[in-house]
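Okay, structure first, notes after.
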Amino acid sequence: MELTIIMKLISVVLAISLASERLVTFLKTIIPFLAGPQPPDVSAENSKTELIRKAIVMLIAFAVSWVGASFLDSPANLWGHLSLDPNDMNKGIPFFIIAIMASGGSAIWTNLLGFAKAIKDIGAEKKTQEKFNTLKKSDEFRFAGNGLKAFNIVGAKTESELKTINFEAAFSGGSGQLTVLFENGLGELIFSNSGTKTLDLPQGALNYIISGSSSNGPGGGIVLSISGSVISNAPHSYGPGIIWPNIQTMIVT
């Protein structure tokens, strides 16, 4: 299922859920029985009267959500369905299923909002990766005269195009080792203790691999900071133990 379809479903369920919750709250105000004893009586939590009250509130929430969902169709139709695929309007999720989801109240809001945030983060990460890929491709090709020739980034290491980038490693809790290896043979840095190293790198999007291990003792860890004419997601922080190889991307400007 496409992300846009999932987001549409989440938006509809949240809207109906919020509307039904407001109406249920209003009914609790004018019908004290639905609101339950005030202050809440813990001893009566599982009593027959309390169970009946909860069941009535749930049924009201479901009924209100179902009626609200029916207005998504024109004219309103309790037995209609929510069409998520514009290419096939005859298929979708029945309104009573939407009502069941929406009548979950605040419990379902938290889950849906968390899910929506995760989808948003995935989309943002995808766009960032596409941007990095585009910048990297632009550095691999250059125009020469009237034609286009391949440009090897390794062969671009001339003094006029190189930028000095600073790498600072901070070890805590004991000794360890940190390796920063750039693709295409652009360079490698090895830290065995806290300190700063520099590397001359060409402009553009570059991939590098971080690996190593930090102290297993209490407070063990390594933090790698990167500065200079560069855009990156540093600092990279690692806890105690093995640092498994992980690929990172930076843009040297």
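Once the Cβ-Cβ distance between Asn77 and Lys48 is put in as r, and R0 is 35 Å, what FRET efficiency do you end up with, to the nearest 0.05?
After rounding, the FRET efficiency stands at 0.40.
For the range 154-252, go through all pairs of different Cα atoms, get the mean of 1/r, take its inverse, and jot down that Kirkwood value in Å.
Radius from the Kirkwood sum: 13.7 Å.
Length gain on complete extension for the stretch Asn207 to Ile5, per 0.36 nm per residue less the alpha carbon to alpha carbon distance?
Extending this stretch completely gives an extra 69.4 nm.
Per residue of the range 222-232, in order, report the coupling 6.51 cos²θ - 1.76 cosθ + 1.60 (Karplus, θ = phi - 60°) as ³J(HN,Hα) in whole Hz, putting x for Gly and Pro.
So the J values, rounded to whole Hz, are 9, 10, 10, 10, 10, 9, x, 7, 8, 10, 8.
FRET efficiency for Asn193 and Ser227, Cβ-Cβ distance as r, R0 = 22 Å, nearest 0.05?
0.70
Counting only the backbone N, which residues of the range 4-32 are under 17 Å from the spot 7 Å out from the Cα of Lys91 toward its beta-carbon?
Zone members listed by number: 4-6, 9.
Here, each number is a calculation from the coordinates, and none is a lab measurement. Values in this document were obtained by computation on a predicted structure and should not be read as measured data. Every residue, glycine among them, receives a Cβ derived from its backbone with ideal geometry; neighbour counts consider all protein chains shown.
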